[in-house]
Amino acid sequence: MRSERATMRERFKQFSRELHEAKTLLLELGRFAPTRRALCGQGKPQTFKLLGFLFICCKTRRRAYQLQHKTRSDRMRTTPVNGVRSQYS
């Protein structure tokens, strides 16, 4: 993990950019991620939220790797506007 961070930091410096350590997270995804994490005793691959979707690492019925995405439930909740609520109540 340390080498990937260093590589990303160098790559960003080429474009005069910096990585914010508190906001940067390296996730292990891919076909072999579940087996590698199981060997280290870490459990299932992590999920992450990006651009209104929740991305999940899973398998298909044929046991092939798949990165699934679902709409974030917390983004789908709406709060009615006070003026609209009083019109229809």
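The values are calculated or read from the model by the stated rules, or taken from the named source; none is laboratory data. From a predicted model like this one, the values you see are computed outputs, not experimental measurements.
Brief remarks follow.
- Residue check for THR60: of a type outside the set (Phe, Trp, Tyr) and at pLDDT below 80: no
- Scanning segment 38-50 for residues that are of a type in the set (Gly, Ala, Ser), part of a loop (DSSP other than H, G, I, E, B) and modelled with pLDDT of 80 or more returns a single hit, GLY41.
- Selection of segment 1-37 for residues being farther than 19 Å from THR60 by Cα, part of a helix (DSSP H, G or I), aliphatic (A, V, I, L, M) and within 20 Å of the chain's Cα centre (by Cα) yields only MET8.
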